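These notes are about the structure you will find just below.
Nothing in this text is a laboratory measurement; each read-out follows from the coordinates by a stated rule. Everything numeric in this text was worked out from a predicted model, so none of it was measured. Cβ sites come from the backbone with ideal geometry, for glycine too, and all protein chains shown count toward neighbours.
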Amino acid sequence: MSILKRAREKKLLDIRNHNIRDFAEDKWGRVDDRPFGGGPGMVMMVGPCVRAIRNVRREGSHVIHLSPQGKKLTAAKARALAAHTHLILLCGHYEGIDERVIEAEVDEEISIGDYVLTNGCAAAIVLVDALCRFLPGVLGHDEAANADSFEEGIFEGPQYTRPIEFENRVVPPILRGGNHQEIKKWRHGQALRKTESVRPELLKK
């Protein structure tokens with residue numbers, strides 16, 4: 001059973017899907033139209049989007065538009081979002097959404113990376129998975145989220161489990177010695193080396 005499924009069953013997390021087509025202005029459920037000024041593709045219409053958001057908005061709601069133009073999602077941002085009691089995630093499709101939706105209803109735009117997806121649904125899943133780790137009780141061991149990669153600005157150290165040896169690759173003896181202070185120091189050193197090798201810019205922050 002997945003962590004998210006257990007969290008939902010324990011009512012630590014409540015996720016609901018809302019179809020913007022239910023708020024269309026015609027009987028065909030049309031929610032997109034050609035862009036003013038020309039250009040390829042279709043743009044999601046302002047009316048259905050705004051009505052959908054207002055239908056689910058309540059006091060304390062925080063509306064997020066998943067967009068490659070948004071601020072990049074980080075562990076710190078995920079932790080901050082987990083403190084909100086009610087999030088509304090707006091997932092764009094086609095060539096994007098009418099800018100007036102953002103002006104009228106969106107509190108912030110968030111990107112999961114410097115690339116473009118076919119729609120915002122996959123980005124919403126990433127966002128939910130990232131922030132739910134910071135909800136009390138979701139991981140079972142709340143300290144696990146604090147030890148994850150990026151929480152200290154660097155990657156997490158390498159992890160091992162049984163067996164001790166596999167194809168001549170052996171678990172480092174220090175991890176089997178029981179000296180937790182030395183283990184912590186070793187893991188931190190390994191994390192620094194990994195970060196310096198793969199993402200050196202993180203060490204400059």
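May I ask you to order 169-181, 51-63 by the average number of other C-beta atoms within 10 Å around their residues, highest value first?
Highest to lowest by the protection proxy: 51-63, 169-181.
Charges were assigned to the Cβ only: +1 to each Lys and Arg, -1 to each Asp and Glu. The resulting dipole of the chain about its Cα centre is roughly 680 debye. GNM remark for the chain: springs join alpha carbons under 10 Å apart, and the peak mean-square fluctuation among Glu95, Glu25, Glu109 falls on Glu25.
Where Lys and Arg each count +1 and Asp and Glu each count -1, what net charge lies around Arg57 among other residues with Cβ under 14 Å from its Cβ?
Working: positive: Arg16, Arg51, Arg54, Arg58; negative: Glu59, Glu105, Asp107.
For residues surrounding Arg57, the net value is +1.
With a cut-off of 8 Å between alpha carbons and a minimum separation of six or more residues, what is the relative contact order of the chain in percent? If you can, show how the numbers build up before the last one.
On the way: 259 pairs, mean separation 36.8, N = 205.
This gives 18 percent for the chain.
Sorting the Cα pairs of region 149-203 by distance into bins of 10 Å, from 0 upward, gives 23, 44, 29, 4 percent per bin. Per-residue 3J(HN,Hα) values for region 23-29, derived from phi via the Karplus relation 6.51 cos²θ - 1.76 cosθ + 1.60 with θ = phi - 60°, read 10, 5, 8, 10, 6, 8, x Hz in sequence order (x marks Gly and Pro). In a fully extended conformation the segment linking Lys185 and Glu167 would gain 3.8 nm over its present Cα-Cα distance, using 0.36 nm per residue.
Is the shape of region 63-118 best called rounded, prolate or oblate, per the rule: a/c under 1.5 gives rounded, else a/b larger than b/c gives prolate, else oblate, with a ≥ b ≥ c the square roots of the Cα gyration tensor eigenvalues? Intermediate results must be reported in sequence, preceding the final value.
On the way: a/c = 2.25, a/b = 1.26, b/c = 1.78.
Oblate is the answer for region 63-118, as a/c is 1.5 or above yet b/c matches or exceeds a/b.
Restriction of the GluC sites (Glu not before Pro) in region 158-200 to DSSP coil positions whose beta-carbon has at most 14 other beta-carbons within 10 angstrom yields Glu167.
Taking amide hydrogens as placed 1.01 Å from N in the peptide plane, the amide H of Phe155 sits under 5 Å from those of Phe150, Thr195, each at least 5 positions away in sequence or on another chain.
Under 1.5 on a/c is rounded, so check that first for region 1-99, then, if it is not, pick prolate when a/b is larger than b/c and oblate when it is not; a ≥ b ≥ c are the square roots of the alpha carbon gyration tensor eigenvalues.
Numbers: a/c = 2.24, a/b = 1.63, b/c = 1.37.
Note, shape of region 1-99 comes out prolate.
By a straight-distance test (C-alpha under 13 Å), which aspartates and glutamates pair with Lys71 as possible cross-link partners, with residues fewer than eight away in the same chain excluded? Lys71 reaches Asp107, Glu108, Glu109, Asp114.
Remark on Ile97: its backbone amide H falls under 5 Å from those of Met44, a criterion applied only to residues 5 or more positions apart or on other chains, H modelled at 1.01 Å from N. Scalar couplings 3J(HN,Hα) for region 57-68, obtained by applying the Karplus form with A = 6.51, B = -1.76, C = 1.60 to θ = phi - 60°, are 5, 9, 4, x, 5, 10, 9, 10, 9, 6, 8, x Hz; x denotes Gly and Pro. How much net charge surrounds Leu81 when only the other residues with a Cβ under 14 Å from the Cβ of Leu81 are counted, with Lys and Arg +1 and Asp and Glu -1? Neighbour charge sum, excluding Leu81 itself: +1. In sequence order, region 163-175 has phi-based couplings of x, 5, 10, 8, 6, 6, 9, 10, 4, x, x, 4, 6 Hz under the Karplus curve 6.51 cos²θ - 1.76 cosθ + 1.60, θ = phi - 60°, and Gly or Pro positions carry x.
The Rg/Rh ratio of the chain, with both radii computed over alpha carbons and Rh defined as the Kirkwood radius, is 1.08.
What number, rounded to the nearest 500 deg cm²/dmol, is the helix-based mean residue ellipticity at 222 nm of the chain, given -39500 (n - 2.57) per DSSP H run of at least four residues and division by all its residues?
Working: 7 runs with 68 residues, N = 205.
Helices in the chain give a 222 nm mean residue ellipticity of -9500 deg cm²/dmol.
Both numbers refer to the Cα atoms of region 30-84; Rg and Dmax are 15.1, 41 Å.
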